[in-house]
Amino acid sequence: MKSSPRIAVLGAGAMGSRIGAHLFEARYAVVLYDSWKDHVAEIQRNGLRIVHEHSARTLRIKAANRPLPGEVYDYVLLLTKSGQTEEALAGFRDIIGPDTHVVSLQNGIAGIEILPRYIPKERILVGVTTYSSDLLGPGAVQIGGSGITYLSRLSGGSSPAVDTLEAIFNAAGFQTVVSEDAMQVIWEKLAFNASINPVTALTRLNAGEAGTHPLGIELMSSIVGEVAAVGHRLGINVRTDEVMNQLRRACEPEACSDHLPSMLQDVLKGRKTEIEALNGAVIRLADDFGMDIPYNRALYQMVKMLDEIKGLSLSYFRFKDSCTGETSKVEAPSSRRLPTE
Ligand SMILES: NC(=O)C1=CN([C@@H]2O[C@H](COP(=O)(O)OP(=O)(O)OC[C@H]3O[C@@H](n4cnc5c(N)ncnc54)[C@H](OP(=O)(O)O)[C@@H]3O)[C@@H](O)[C@H]2O)C=CC1
Ligand SMILES: CC(C)(CO)C(=O)C(=O)O
């Protein structure tokens, strides 16, 4: 193990486990912190299982569900869902020391609003990544292929801490570049996720299926256009062509076309989605500007209903017999299930 820098992943679900695993394999000292007890217990007992294409490997990586006594880190990579940010920072405040950089790689714009309330701005780094990962169950993730990660200071551009992390990520196999314009990168990823995430969550299509269907592309292009228009009102140069190119690339087989975007994974598991941090956040800004963004609003309304009325789970749909009150299970087609089911 390299003695430094010390890295903690806070929120080691699908994406946090993937990033932690690659850093660990590149021989960085990394600890996975997560509040999900069964997941942490499985990693502690049997290791973290990484499934990639037709092979799997198991990594003996350190994991804990509460701060390890006396341990603070150079980097805390924040990878909880956006809505879990405050609770995670509060529960794990002991791992953040006076020199720690907290790095949000979360989707959406909630993180950049919340973090400055807890961490001095100069120690906040932001990033976005188009790498993907699917959580198979406690202690197991399935990882996708290629992608790109952008990093920068919250105020944009590099610093020694950003440059070091860029080098670490590249050494760990994540193609990573420093971005001069943090807001552009965050908003372009916001436009990306505000389109592919709800569209797949609502249609139950995977990234490749939705992102290559002509109607899927048409719909996503309308959503991206609306998000870009709101960004432009804020003075952020959101490039719609660039976002559409990124979407096309992410939906190609070599990137991971069979990935279930994180919002689809949440809906299938009956978990709260990040719709508020994505389309919800854009709608609130559009309302302030008196702008109408109907595609985003319609998707927001539909996903919000799913958020509030649970009932679907991963492998089966439930129907409640209104006569008997009994609930019957209807198996979902096997193509709609995650591989370990
Ligand atoms: N999955 C993907 O392919 C990608 C995801 N992203 C983004 O990365 C972020 C993480 O996504 P993803 O990995 O899919 O999400 P997951 O839900 O798989 O992982 C989040 C993890 O954080 C844990 N957690 C929740 N609250 C706390 C807390 N208070 N303290 C510590 N851990 C906590 C969760 O536990 P529990 O289950 O108990 O809530 C869960 O294990 C999101 O912003 C997402 O949009 C970005 C690119 C790709
Ligand atoms: C679709 C993807 C992987 C984009 O890279 C993503 O950000 C998500 O699943 O939320």
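The values are calculated or read from the model by the stated rules, or taken from the named source; none is laboratory data. From a predicted model like this one, the values you see are computed outputs, not experimental measurements. Note that we place each Cβ from the backbone using ideal geometry, even for glycine, and neighbour counts take in every protein chain shown. For the accessible areas, the whole protein counts, side chains as well, though only heavy atoms, and no ligand, DNA or RNA atoms are used. Shrake-Rupley method; radii C 1.70, N 1.55, O 1.52, S 1.80 Å.
Using the Kirkwood radius over Cα pairs, work out the Stokes-Einstein diffusion coefficient for segment 1-54 at 37 °C and 0.692 mPa s, in µm²/s as a whole number.
283 µm²/s
Using only the Cα atoms of the chain, what are the Rg and Dmax in Å?
19.6, 66
Give me the accessible area per residue for the chain, probe 1.4 Å, as a whole number in Å².
For the chain, the per-residue accessible area is 45 Å².
Please report the carbon-and-sulfur percent of the accessible area for segment 137-248; probe 1.4 Å, protein heavy atoms only, DNA, RNA and ligands left out.
Taking all protein chains in place, segment 137-248 shows 54 percent carbon and sulfur surface.
If I take every Cα pair under 8 Å that is 6 or more residues apart in the chain, average their sequence separation and divide by the length, what percent do I get for the relative contact order?
Contact order relative to length: 13 percent.
For segment 66-173, just the Cα set please: Rg and Dmax, both in angstrom.
For segment 66-173, the Cα radius of gyration and maximum Cα-Cα distance read 14.1, 37 Å.
From the C-alpha gyration tensor of segment 184-308, pull out the three semi-axes of the equivalent ellipsoid (sqrt of 5λ each), sorted largest to smallest, in whole Å.
21, 18, 11
Considering the chain as a Gaussian network with a 10 Å cut-off on Cα pairs, which listed residue, 220, 305, 263, attains the greatest mean-square fluctuation?
Maximum fluctuation in the GNM of the chain, among the listed residues, is at 305.
Apply the membrane-span-like helix rule to the chain: whole DSSP H runs, Cα extent along the own long axis of at least 18 Å, mean Kyte-Doolittle hydropathy at least -0.5. List the helices found.
182-203, 214-233
Extending each Cα 7 Å along its Cβ direction at residue 245 and residue 164, get the distance between those two points in nm, one decimal.
That separation, rounded to one decimal, is 3.3 nm.
Choose one answer from 28, 118, 131: the residue with the largest mean-square fluctuation in a GNM of the chain with alpha-carbon springs under 10 Å.
The residue that fluctuates most here is 118.
Given 121/272; 37/272; 37/81; 62/304; 37/121, which pairs have Cα atoms separated by over 25 Å?
As for pairs spanning more than 25 Å Cα to Cα, those are 121/272; 62/304; 37/121.
If the chain between residue 288 and residue 71 were fully stretched, how many nm would it gain, using 0.36 nm times the residue separation less the Cα-Cα distance?
73.8 nm
Multiply the residue separation of residue 213 and residue 60 by 0.36 nm, subtract the distance between their alpha-carbon atoms, and state the gained length in nm to one decimal.
Working: separation 153, 0.36 × 153 = 55.08 nm, distance 4.05 nm.
Extra length from residue 213 to residue 60 when fully extended: 51.0 nm.
How do 81, 269, 62, 37 stack up against each other in accessible area, from largest to smallest, with a 1.4 angstrom probe? Please report the intermediate quantities before stating the final value.
Details: 81 50, 269 70, 62 105, 37 130 Å².
Result of the area sort, largest leading: 37, 62, 269, 81.
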